[in-house]
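Comments concern the structure below.
The values are calculated or read from the model by the stated rules, or taken from the named source; none is laboratory data. Fair warning: this is a prediction, and the values are worked out from it, not measured in the lab. Glycine gets a Cβ as well: all are built from the backbone with ideal geometry, and neighbour counts include every protein chain shown.
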Amino acid sequence: MKKHFFKTPLTSGLGFGIVFLFLFVAAFGPLIAPYGSNHMDFDHILSSPSLKHPFGTDSLGRDILSRVMYGARIDLMVVLIVVPAAGFLGVILGTVAGITGGFIDDLIMRITDVFMSIPYLVLTMSVAAALGPSLRTVIIAMITAWWRGYARIARGEAISICESVYIEAAEAIGASRLRIIFRHTIPNEVGPILVYSTLDMGAAILTVAALSFLGYGVQPPMPEWGAMVTQGRDYLMNQWWLSIIPGLAIFTVVWGFNMVGDKLRDVFDPRIR
Amino acid sequence: MLAYTARRLGEALLVILGVVIFVFVVSHLLPANPAKVWAGSKSSNEQVERIKEEYHLDEPVHKQLYFYLIQLGSGDLGLSPVTNNPVFKDLQRFAPATLELALISVFLGSIGGIYLGVISAVHKDSWVDQLSRVIALAGVSLPLFLLALLAQLLFSFSLNWLPFAGRIGQSVASPPNITGFYLLDSLISGQMGTFVSVLRHLALPSLLLSFSSLVRITRITRSSMVEVLSQDYVLTARSKGLKERMVIYRHALRNAISSSISLLGLTLVYTFGGTVVIEVVFGWPGMGRYAASAIHTLDFPALMGFVLVVSTVVAIVNLIVDLMYGVMDPRIKYA
């Protein structure tokens, strides 16, 4: 039992707990946050953590705890749109490539290769710059870059599923290509795709935050976590809480998603347990 | 083997062309007016019109792409409208700094990752394995920019151990330009003072940048080593009475390492993405910072130059990796 201390149920339980906590905060943030995200308290500018402001305030006297809670909404909303949308696109493309084979497979996979050889950040930055920095831009830019990993996994899965007897049986009774893809192949890819997308949530949150940190993402005064880290950079020496608290929020939620993903991988792929 | 290399080379060129076309089209579909940005806020209408004409900005995107590809075909990367330098010249100045940083990071990440992966697999489920798993999970969860800011705060400002920005000390002369890699150039020319200064400046950015590749390579090495160590030939090697070190490094690792090597190209892609963040935080005079400022100023010739260099380096590494498979794993034959 002691041997498995780090594995189960502690880390996975912790992971699920963190993810639920952040989802709860994202859903009910405005109801439970002590202040509004842009409420300025000029009597408490740059004040250190205290009972009144548990995570301190920024240079405009805004409560960091409240802004982090509102920020959960933005960061989680972006990834909850981006990951399923990109996942859907990638799974469809990968499955079609794997099942059809030949020229279509080659074409889709070469396009995937193209996307694989540009760093996510540079790709999303280029799209974001072209469309002008905003929340909508971040979502579009990320979907553009994010589908590639799903296409690869789905193609691999589709090829191995294709060789199964039940696909042969479906073909024998005259099922259409479309039915084979949507009814017999994609549902069987759910396990690996679920694991990948949970681990991917963390990577997506990190990218949203990095985009805003570099100034291409969500713009002030919206309380996005990466943008908050940037705004606090000049105060890092003396008022560390401005950058570190939103940074820790990013770390905690990404860690949570990664622990859940790691647990799911153990369940779906017992070989590497 | 020759035919295989030629085919892979052709595929690599196609991928590079695809990258260039995609980024060009995406970045030129913009609603913003780059000519106005390039000409500056105090520019006259004539200046804006002249820039539009010079860069074919009035033409439809496919025509602009056509002009760009023709220009690229003659080996010309164009003129940056912001720095007013040929992009090739700018890249010549900035690329070595980024390549030095990225390659050292990938090297550190690979060596560390393979070592940690082997240790974790050999001591599977022990505290070492669990600790490395927890560190890996925490490692991939830390935002690179936060890690960089914290490291700067601790090692540069509080402890004053390492410089917080730049590639070389201000009072130290740059080494002669032989390879463009300061570390190598200072060593070749025997300037030990410069070498130490460069090393001190490289330490934080390269270690931080290597962290994500270290985590990825540890994970993949561990899982393939776990699989290989349960094979019959490992049992045979052990029952022959071979030393454990020999069994692990000569027999098991050689068969497990190909999956880690196959990850090199992708690791490099992630590292190049990371250089943008690291270079901005550490004021590193490289391509990543150049690209970041190019995107801010809508300097598309510069952005395209950066994308071209990155995709070419990644394609070359992927090609080398493919060819190395045959050396690492004699079962693979190139038809």
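When you scan region A:98-157, how many residues do you find that are charged (D, E, K, R) and within 16 Å of the chain's Cα centre (by Cα)? The total comes to 2. Filtering B:Leu199, B:Leu162, B:Leu183, B:Leu187 for residues that are touching a Leu at 6+ places or on another chain (Cβ under 8 Å) and more than 19 Å from B:Phe94 (Cα to Cα) leaves a single hit, B:Leu162. Criterion applied to B:Ala6, B:Ala35, B:Ala102, B:Ala95 was being within 22 Å of B:Val276 (Cα to Cα) and more than 14 Å from every other protein chain (Cβ to nearest Cβ), and the one residue passing it is B:Ala95.
Results for (1) more than 10 Å from chain B (Cβ to nearest Cβ); (2) buried (at least 22 other Cβ atoms within 10 Å of the Cβ); (3) aromatic (Phe, Trp, Tyr), shown as yes or no for each residue.
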site: A:Gly202; (1), (2), (3): no, yes, no
site: A:Thr207; (1), (2), (3): no, yes, no
site: A:Gly215; (1), (2), (3): no, no, no
site: A:Pro220; (1), (2), (3): yes, no, no
site: A:Glu224; (1), (2), (3): yes, yes, no
site: A:Val229; (1), (2), (3): no, yes, no
site: A:Met237; (1), (2), (3): no, no, no
site: A:Pro246; (1), (2), (3): no, yes, no
site: A:Ile250; (1), (2), (3): no, yes, no
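The residues listed here are B:Ile51, B:Ile21, B:Ile16; of these, the one that is surrounded by 14 or more Cβ atoms within 10 Å (Cβ to Cβ) and away from chain A (no Cβ under 14 Å) is B:Ile51. When each of A:Ala151, A:Ala145 is tested for being assigned to a helix (DSSP H, G or I), on the phi < 0 side of the Ramachandran plot and within 11 Å of chain B (Cβ to nearest Cβ), the lone residue that passes is A:Ala145.
Summed over region A:29-83, the residues that are touching a strand residue (DSSP E or B) at 6+ places or on another chain (Cβ under 7 Å), among the hydroxyl-bearing types (Ser, Thr, Tyr) and in a loop (DSSP other than H, G, I, E, B) give a count of 2.
Give the residue that is nearest to the other protein chains (Cβ to nearest Cβ), with candidates limited to residues of region B:311-330 that are assigned to a helix (DSSP H, G or I) and without any contact (Cβ under 8 Å) to a residue 40 or more places away in the chain. My answer is B:Ile320. Scanning region B:67-77 turns up no residue that is out of contact with any Lys or Arg (no Cβ under 8 Å at 6 or more places or on another chain), among the aliphatic types (A, V, I, L, M) and under 23 Å from A:Asn258 (Cα atoms).
Identify, please: which residue in region A:121-136 is outside any loop (DSSP other than H, G, I, E, B), out of contact with any Ser or Thr (no Cβ under 6 Å at 6 or more places or on another chain) and within 11 Å of chain B (Cβ to nearest Cβ) and is, among those, farthest from B:Glu11 (Cα to Cα)? For region A:121-136, the residue satisfying everything is A:Ala129. Just one residue in the set A:Arg183, A:Arg265 is exposed (fewer than 14 other Cβ atoms within 10 Å of the Cβ) and part of a helix (DSSP H, G or I); that residue is A:Arg183. State whether one or more residues within region B:73-82 are in contact (Cβ under 8 Å) with a residue 24 or more places away in the chain, within 14 Å of B:Leu268 (Cα to Cα) and polar (S, T, N, Q). Taking every residue of region B:73-82 in turn, none turns out to be in contact (Cβ under 8 Å) with a residue 24 or more places away in the chain, within 14 Å of B:Leu268 (Cα to Cα) and polar (S, T, N, Q).
Checking each residue of region B:234-256 against the condition of being part of a helix (DSSP H, G or I), out of contact with any Phe, Trp or Tyr (no Cβ under 8 Å at 6 or more places or on another chain), modelled with pLDDT under 85 and within 14 Å of chain A (Cβ to nearest Cβ) gives at least one match. Would you call A:Arg233 surrounded by fewer than 22 Cβ atoms within 10 Å (Cβ to Cβ), at pLDDT below 90 and closer than 30 Å to B:Ser230 by Cβ? No. Within region A:127-152, the set of residues being closer than 18 Å to A:Gly226 by Cα and not aliphatic (A, V, I, L, M) comprises A:Gly132, A:Pro133, A:Ser134, A:Arg136, A:Thr137.
Applying a threshold of 6 Å to beta carbon distances and a minimum spacing of six or more residues, or different chains, the list of pairs starting in region B:157-171 at a residue that is touching a residue at least 60 places away in the same chain (Cβ under 8 Å) and ending at one that is exposed (fewer than 15 other Cβ atoms within 10 Å of the Cβ) reads B:Ala165/B:Gly283; B:Gly166/B:Gly283.
Here A:Thr112 clears all of (1) within 14 Å of chain B (Cβ to nearest Cβ); (2) in a helix (DSSP H, G or I); (3) surrounded by 24 or more Cβ atoms within 10 Å (Cβ to Cβ) except the condition numbered (3). Residues that are free of Cβ contacts under 8 Å to residues at least 40 places away in the same chain, facing chain B (nearest Cβ under 9 Å) and aliphatic (A, V, I, L, M) within region A:252-273 comprise just one, A:Ile272.
Listed here are the residues, each with its yes/no results for (1) within 13 Å of chain A (Cβ to nearest Cβ); (2) under 20 Å from the mean Cα position of the chain (by Cα); (3) at pLDDT below 90.
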position	(1), (2), (3)
B:Gln130	yes, no, yes
B:Ala138	yes, no, yes
B:Pro143	yes, yes, no
B:Ser174	no, no, yes
B:Thr179	no, yes, yes
B:Met192	no, no, yes
B:Val196	no, no, no
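Screening A:Val195 with (1) touching a residue at least 60 places away in the same chain (Cβ under 8 Å); (2) within 14 Å of chain B (Cβ to nearest Cβ); (3) of a type outside the set (Ser, Thr, Tyr); (4) closer than 30 Å to A:Ser66 by Cα gives one miss only, at (4). Kindly check whether there is at least one residue in region A:203-213 that is in contact with a Lys or Arg (Cβ under 7 Å, 6 or more places away or on another chain), touching a residue at least 12 places away in the same chain (Cβ under 8 Å), within 26 Å of A:Gly256 (Cα to Cα) and in a helix (DSSP H, G or I). No, region A:203-213 contains no residue that is in contact with a Lys or Arg (Cβ under 7 Å, 6 or more places away or on another chain), touching a residue at least 12 places away in the same chain (Cβ under 8 Å), within 26 Å of A:Gly256 (Cα to Cα) and in a helix (DSSP H, G or I).
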